[in-house]
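J.: Structure in structure tokens, see below.
The values are calculated or read from the model by the stated rules, or taken from the named source; none is laboratory data. As the structure is a computational prediction, the values presented were derived from the model and not from experiment. Here the Cβ positions follow ideal geometry from the backbone for every residue, glycine too, while neighbour counts run over all protein chains shown. What goes into the accessible areas is simple: the full protein's heavy atoms, side chains included, and nothing from ligands, DNA or RNA. Shrake-Rupley method; radii C 1.70, N 1.55, O 1.52, S 1.80 Å.
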Amino acid sequence: MASRLRRFGITAAGVALGAALTTYALKTSDISPHHVQMEEQRVRRKRTLPSRADQVKALQSGEEFDVLIIGGGATGAGCALDAVTRGLKTALVERDDFASGTSSKSTKLIHGGVRYLQKAILGLDIEQYRMVKEALHERASMLRSAPHLTRPLPIMLPVYTWWEIPYFWVGIKAYDFVAGDRNVKSSYYLSREDALELFPMLRGDKLRGAIVYYDGQQDDARMCLAISLTAARHGAAITNHVEVLELLKKKNAAGKNVLCGAKVRDNITKKEWTIKAKCIINATGPFTDSIRQMDNPTVKEICCPSSGVHIVLPGYYSPAQMGLLDPSTSDGRVIFFLPWLNGTIAGTTDAPCDVTPSPAPSEEDIQFILSEIKNYLNKDVDVRRGDVLSAWSGIRPLVSDPNKGDTQSLARNHIVHVSDSNLVTIAGGKWTTYRAMAEHTMDAAIKACDLKPERGCVTDGLLIEGAQGWTPTMYIRLVQDLGLEVEVAKHLAISYGDRAFAVAKMASLTGKRWPIIGKKLHPEFPYIDAEVRYGVREYACSCVDMIARRLRLSFLNVQAASEALPYIADIMAEELKWSKEEREKQIKECEHFLQTQMGQQVNRQLKEKIPINLSKDEVNQYTKRFETIDKDKKGYVSITDIKRAMKSFGDAEVSGEELHEILREIDSNMNGQVELDEYLQMMSAIKSGNISHSRFAAVAEQEEIRKEQERLRKQITVDRSGGGQRK
């Protein structure tokens, strides 16, 4: 107890000193000097959205751009929007898809960094304080710029020892104080009873109370896409699936070799060409060093990649309007447990990794997250491995600062570096500060390359794609005017903002009394056919682009994404004029993406490692079921057997693609048929909780029930009907 009191005393002293630091910093720091000026210089969209073909033509025109940005993540898109709204002729190329890397694989939070503020106060660190203050300013800017894609989210911090209540309360209040008039909502204390009422899944024993604070939440991939589309509407030539092959240089008036453009390749058509530009910006996140070495092969690497794994669980694991923060896990990392798009996100891990365009989650990381969240949930909530619907790994590009002589320490914030040949590199930072990072980058680029913008930065509070006419009740008009299902209308409104009407008008008639329009891509999700057609107009070029970033289906449920894939491929094939061979190629590549990057392969490998733990009676029961489906006594179950079984209980409309999906989820050796041992392995996995459910298991059970009912009907005698005789 004495040590706890001593620790609390030290903390209180630190907070007191921190208050003095905060007061001083508030008077001396000036994070947002342009706010009033920006409001006066607001700019409007200039044009309708060009097609991808038109954007490629603009890049092939031979005209010289003021700025060529490499990288279509949050920072690159932010740089494009900042540059074009300053009046600079802007180009952006991305070798994969917008937000295909780290920008679609975040925790989905818009936050200032509570832990950084704690370090700033206790360590009297003015640099960390300024970083938090900047992030809190940007948090407010994002919530204002994209109200359809963002929302305030209360996050509960449960407290299990009495002395931590004032400790956390003071710290969170300092977080509110630093945000100032940009605060989302004020934090507050909850008693044990109130905390359990708001978060009933929480472990209640030893709980002393909870602190609730507010941060923002977003749909990260769609936010990045909306920023990119806004830049395009303002006149930027932006193109995905265009890769930089070589940086080009020329001598300037002073005889110095400086960058003047890049040789690029369209990875869709394989065509190569040169883009001329006065300034080149490297905004490639984890791939920062590959572009820097393209500029100068002898340059030292500055990127220190770190893997952050997240998992998605069913929505019932968390309240719809409350997140949870575990501030001190078993190894010191922070774990968030957050509601998102009717699911629950849990993560993240933090471990050194290699830079790769296809990061994959590991079973070890998934198990770590599951074990940590189990510590915070009550014993009635059985967190099963089989409830992991999707899992992904994002690479955080931590960097050492090349502007400083000592490159051993990692930069806490982002860094902007200008090379001898004027390559402007922006690295580090986080999603929340993308706009400020872009502003600082463009300021450096204008100075280094002597660019002539028409105005200063105007992006603070600039409304992005979909925000102009959006209101919280806009979805009601979609229901009333167009005949959409309410759930679908709400989804379109928060995903597309005022563009939801343009999406809905492309929807097919359902042929039902209600809803009138909007055929669902999967019965469990609100995504509809029109979104695929509209997604092509948002520059989606592949099934992966569509299923991961235009729709978020692969991030929410990898199995559902796999089931919806053939229908999505059909619509894209129609829109993009794919041949039958191209459609099959796209499906195969997307299946590989789901297996490797979205956790499907990890789930399958786990199932194969589970020992069979069935009792003798259970083995006999499941063997009988298996033999019921294997009507011809072949020793295995085929597609034909599954189709016959489903047809026997009235499900005659099952497509061939769906039948193959049912088979694939249990066919571990991938030989196109199900053996008895594979079925028993599946049932054992379901029993242990490592697999939540199986459609094949459901088919087998229903077929057994049908056979038993049929047998009983045949046993009904005349005596049981009252003794009368049939005529």
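J.: When ligands, DNA and RNA are left out and all protein chains stay put, how many square angstrom of accessible area per residue does segment 469-540 have with a 1.4 Å probe? Could the numbers behind the result be given before it?
T.: Details: 3250 Å² over 72 residues.
Value returned for segment 469-540: 45 Å² of accessible area per residue.
J.: Hey, can you find the accessible area per residue of segment 160-236 for me, probe 1.4 Å, expressed in square angstrom?
T.: Numbers: 2780 Å² over 77 residues.
Dividing the accessible area of segment 160-236 by its residue count gives 36 Å².
J.: If you plug each phi of segment 615-625 into the Karplus form 6.51 cos²θ - 1.76 cosθ + 1.60 with θ = phi - 60°, what whole-Hz ³J(HN,Hα) values come out, in order, with x for Gly and Pro?
T.: 3J(HN,Hα) across segment 615-625, in whole Hz: 6, 4, 5, 5, 4, 5, 4, 6, 5, 4, 4.
J.: Please list 506-513, 71-78, 425-432 highest first by mean number of surrounding beta-carbon atoms within 10 Å per residue.
T.: On the way: 506-513: 13.0, 71-78: 30.5, 425-432: 26.0.
Peptide ranking by packing, descending: 71-78, 425-432, 506-513.
J.: Distance between the C-alpha centers of segment 334-359 and segment 230-268? Whole Å please.
T.: That distance is 33 Å.
J.: Ignoring any ligand, DNA or RNA, what whole percent of the accessible area of segment 55-124 comes from carbon and sulfur when the probe is 1.4 angstrom? Don't jump to the answer; show the numbers that get you there.
T.: Details: 890 of 1890 Å².
Carbon and sulfur together cover 47 percent of it.
J.: Further question on the same structure: Can you give the local net charge around D630? Use residues other than it whose beta-carbon is closer than 14 angstrom to its beta-carbon, Lys and Arg +1, Asp and Glu -1. Spell out each step's value before the answer.
T.: On the way: positive: K624, R625, K631, K633, K634, K643, R644, K707; negative: E627, D632, D641, E675, D677, E678, E703, E704.
Combined, the nearby Lys, Arg, Asp and Glu give 0.
J.: Go through 413-422, 677-686 and give me the packing order, highest mean Cβ count within 10 Å leading. Walk me through the numbers on the way to the answer.
T.: On the way: 413-422: 18.7, 677-686: 20.3.
Result, highest mean first: 677-686, 413-422.
J.: Further question: Which order do the peptides 104-116, 240-252, 264-276 come out in when sorted by mean C-beta neighbours inside 10 angstrom, highest first? Provide the component values of the computation, followed by the final result.
T.: Working: 104-116: 23.5, 240-252: 17.7, 264-276: 15.8.
With the highest mean Cβ count within 10 Å placed first, the list reads 104-116, 240-252, 264-276.
J.: Could I ask something else about it? Lys and Arg at +1, Asp and Glu at -1: add these up for the other residues within a Cβ distance under 9 Å of C260 and post the number.
T.: +3
J.: Treating only the Cβ atoms of Lys and Arg (+1) and Asp and Glu (-1) as charged, compute the dipole magnitude of segment 491-601 about its Cα centre; round to the nearest 20 debye.
T.: 360 debye
J.: Please report how far the C-alpha centroid of segment 54-125 lies from that of segment 271-286, rounded to the nearest whole angstrom.
T.: Result: 13 Å between the Cα centres.
J.: When the accessible area of segment 334-376 is computed with all protein chains present and a 1.4 Å probe, what percentage of it is carbon and sulfur? Spell out each step's value before the answer.
T.: Numbers: 870 of 1720 Å².
In segment 334-376, the share of accessible area belonging to carbon and sulfur is 50 percent.
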